[in-house]
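The values are calculated or read from the model by the stated rules, or taken from the named source; none is laboratory data. What you see is a predicted model, and the numbers here were worked out from it, not measured in a lab. For neighbour counting, all protein chains shown are included, and Cβ atoms are generated from backbone atoms with ideal geometry for every residue, glycine included.
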């Protein structure tokens, strides 16, 4: 058996042992159900593990990840996760978390053809188009890249709020907040972009549904 693969299974056994040493009832409690307060919509990048970077235990974060933490309204996977999180688990917070150095966002700044993913990258390019004037006025390429990452998160926060799932929850008075963060791989810290939407009035009127 390939060494790294075997290491993963061995690590699992050690992890189980460590949890049981701390709490013999750990897995019994975990298996009884979940009621996480947070839905995390993040990037699939292997360097951004949701639970680890916020110190959350198993059962505390419901997670959806894709390339560049996108919220695409035709993505049934994302919509299904969001619907279950909001309507069944009744999460209190939806966090869209991007990260500096995101390869998907970086590719969207170029005209590279990289295959099937081009169709996904196009949604990120739309964000650049929305903010083209601001981004093109940033001369330093790294600064422009970082700002693009931030603006992409802002747009995805708005996309979460535009869904009928979230607007219906707000309409019935559900306590639900949508936040935007960016994680910095270089120092491990989270940058709260200070964009938190709490109700339908947070959106432009054209997006507010009559529910």
| What is the residue count in segment 25-45 for residues that are surrounded by fewer than 14 Cβ atoms within 10 Å (Cβ to Cβ) and touching a helix residue (DSSP H, G or I) at 6+ places or on another chain (Cβ under 8 Å)? | 1
| query | Which residues, taken from segment 74-102, are surrounded by 13 or more Cβ atoms within 10 Å (Cβ to Cβ) and part of a helix (DSSP H, G or I)? | reply | 78, 79, 81, 82, 83, 84, 85, 86, 87
| task | Could you look through segment 145-189, keep only residues that are without any contact (Cβ under 8 Å) to a residue 40 or more places away in the chain and touching a helix residue (DSSP H, G or I) at 6+ places or on another chain (Cβ under 8 Å), and pick out the one that is surrounded by the fewest Cβ atoms within 10 Å (Cβ to Cβ)? | result | 147
| Just one of the numbered conditions (1) in contact with a helix residue (DSSP H, G or I) (Cβ under 7 Å, 6 or more places away or on another chain); (2) surrounded by 13 or more Cβ atoms within 10 Å (Cβ to Cβ) is not true of residue 20; which one? | (2)
| query | Do the conditions hold for residue 115, that is, is it within 22 Å of residue 86 (Cα to Cα), surrounded by fewer than 16 Cβ atoms within 10 Å (Cβ to Cβ) and without any contact (Cβ under 8 Å) to a residue 12 or more places away in the chain? | reply | no
| said: Would you confirm whether or not segment 134-141 contains a residue that is under 21 Å from the mean Cα position of the chain (by Cα) and either assigned by TED's automatic domain parsing to the domain that holds residue 102 or not in a loop (DSSP other than H, G, I, E, B) (or both)? | reply: no
| query | Got a sec? Which of 48, 71 is surrounded by fewer than 22 Cβ atoms within 10 Å (Cβ to Cβ), part of a loop (DSSP other than H, G, I, E, B) and at negative phi? | reply | 48
